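**Q** My structure is below; once you've seen it, I'll send some questions.
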Amino acid sequence: MSESAQNHPPSAFRRAFTALSQWIDSDYCPDGADKMRAEPDKVDWVRVMPFVFLHAGCLAAFWVGVSPVAVWTAVALYFIRMFAVTGIHHRYFSHKTYSTTRFGQFLLALFAGTTVQRGSLWWAYHHRHHHLHSDEPEDAHSPHVHGFWWSHIGWITSRRNFPTDYSKIKDLAKFPELVWLNRFDLVVPILFALSVFGSGWLMELYAPALGTNRWQMLVWGFFISTTFLFHGTGCINSMAHLMGKRRFKTDDDSRNSAILAFITLGEGWHNNHHRYQSSTRNGFYWWEIDPTYYGLKLMSYTGFIWGLKPVPQSVLDEGTHAEHEATIAAARRAALVHPEYSSLKKVVPTAAAFAVATAAAAQTTLPKKADGPAIHRDVTEETHNMAKKTPPPATPQD
C-alpha cells in the first residue's frame, strides 16, 4: 500500500463499495482484515441496511394479512432455528461439546446458515473471543463496557467486528467447505427464504383451505421469525449479563435466568456455561430445563453425533455448595432485617420439638431392644473401661 493511501482515509464511495461487496463476499477486505479490526467502534450505516431491511419486512404483515398456518410456521421456525443457534453455532462450532463426521459438520453448518446470523466460523470466532475477554474492554458485546443496546445489536453493525479471524479458529478453518459457507454467508439465507416462499406458493395452489399464500409465508415464516430469532439470541449477549442469579463466582457477570432459558432453549443458564464451557448441557441440574441438550441427546441415539461431554462432578458439587451457602446467607439477612419473623428461630425449634416427640413416642410404644455389640466405639474409651473391670494383680507373699 502506498504512503498516500495510508495517510488518507478511504472515501465514502469506496467504503460503501466495500460494504456492498462484503454482502456477497464476507472475506473481502481490500485494506486487510487486521486494519479493519483495528478501527474504532462505530455504526457503519451501510452495514445497518440488512437489519433495516429485515425489520422493515415485518411491517409487510399489515398488507399480506395473517393466518394460523403462517403464525404457527413463524413460531416453529423460530424454535427450530434457535436450536441451530444454540446446538450448532454455539455448542458445536464454538465449544466442540460433541463430535460428528466431516460431512456431518457440513450439514450442521448448512442448517445453522438458515438462522441468518453469519457463518458458523464467524460466530465461533467471536464467541471464543467473548469467553477470553468476558466483560472486559476487549469484549465486543459486554453490556457493562459498551451499554445495553450496543451489546444487543450495535456491535454487529461495526466494521471492526465484521471480518473473521481464521487464525483464532484453526481447528475449523482447515475445512475449505466450512470456509466457503462462512465466506459466502448470504447464499443459505437466500435459499431458505425462497424455500419458505415456495412452500407458501404450494399451499396456495394445492391446499387453499389452509388460508395462506406465498407472501404471507415469506413475511411470517422468514422476516418475522428471523427478526425474533435475532433478538432472542441477542438477549444472551445483553440481558444474560444483567438479569438473573449468580451461582458460580466467575470472573465476569454472567447470570442464570429461567426466562432467558425458555426464550433460547437453555442458553439462559449462562453463569453455568461460563463456569464450565465444555459441557454439552448448560442446565447443569435436572430442574434447569435445557431443550437444546435434550435435542442433542436424541440426535446422539441416531449415531449422527456422539461424545456428548458431561458436567464434572466437582463442578456440580461446587454449585450445590454455593446454593447452600446462598440459602444460609439469605436467611441470616432476613433475620437481621426482621428478627421477629426469623425463619431460623421458628423452623429450628419446631423441627427439634418434632424430633424429641417422635423419639419419646417410639420409646413408649416399642419394646426395649437388647444391647448389641458396639459399632465404631472409641478405642480409647473401650480400653479405659476394660481396665476398670480387670482386678489388680495379686501381691506376692513372703
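The numbers here are math on the coordinates, done by the rules we state, and not lab data. The structure presented is a predicted model; accordingly, all values stated were derived computationally and were not measured. FYI the Cβ positions are ideal-geometry reconstructions off the backbone, even for glycines, and counts take in every protein chain you see.
**Q** Efficiency by 1/(1 + (r/R0)^6): what FRET value for Val52 and Ile80, r their Cβ-Cβ distance, R0 = 30 Å, to the nearest 0.05?
**A** Details: r = 25 Å, r/R0 = 0.85.
Given R0 = 30 Å and the Cβ-Cβ separation, E is 0.75.
**Q** Hey, if you put +1 on the Cβ of every Lys and Arg and -1 on every Asp and Glu Cβ in the range 3-311, which of Trp72, Phe228, Leu194 ends up farthest toward the positive end of that dipole?
**A** Of the listed residues, the answer is Trp72.
**Q** Could you sort the peptides 24-33, 224-233 by per-residue average Cβ neighbour count (10 Å cutoff), highest mean leading?
**A** So the order, starting with the most tightly packed, is 224-233, 24-33.
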